């Protein structure tokens, strides 16, 4: 797996001051955000864990997605987030190809 993690810089996401990172996995790019107190790049395993969680939530109907993550079902922000999770799942599957399930199991079973 070819990966690259680059700091984009400080930003605000939904009113949250954070650091934005650009994650490249086998040619697919993902945004990743950390709190301002975290000054080192996230590990690829931490990024994958987050992406797999997003991927799993995107498989559920929108109403379940909202209920499990605390969003209002009539929220455009919630729907946009849901669509982003769906898109990230597609990108992650392209990035990992036949290794998708193997990597997912590895990440879910790490200590």
Requested in this report: Would you mention how many residues in the range 39-52 are out of contact with any strand residue (DSSP E or B) (no Cβ under 7 Å at 6 or more places or on another chain) and either buried (at least 18 other Cβ atoms within 10 Å of the Cβ) or more than 19 Å from residue 93 (Cβ to Cβ) (or both)?
Outcome: 6
Requested in this report: Give me a count of the residues in the range 1-40 that are closer than 24 Å to residue 99 by Cα and outside any strand (DSSP E or B).
Outcome: 4
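Please specify each residue of the range 91-108 satisfying the condition of being farther than 15 Å from residue 24 by Cα and either buried (at least 16 other Cβ atoms within 10 Å of the Cβ) or in contact (Cβ under 8 Å) with a residue 12 or more places away in the chain (or both).
Hits for the range 91-108 are 99, 100, 103, 104, 107, 108.
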Query - Flag if residue 25 is surrounded by 12 or more Cβ atoms within 10 Å (Cβ to Cβ), in contact with a strand residue (DSSP E or B) (Cβ under 8 Å, 6 or more places away or on another chain) and modelled with pLDDT of 95 or more - result: yes
Query raised in the report: Looking at the range 80-90, is at least one residue more than 17 Å from residue 6 (Cα to Cα), in a helix (DSSP H, G or I), without any contact (Cβ under 8 Å) to a residue 24 or more places away in the chain and more than 16 Å from the chain's Cα centre (by Cα)?
Result: no
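The values are calculated or read from the model by the stated rules, or taken from the named source; none is laboratory data. Please read all numbers here as calculations on a predicted model, not as lab measurements. Virtual Cβ from ideal backbone geometry, glycine too; neighbours counted across all protein chains shown.
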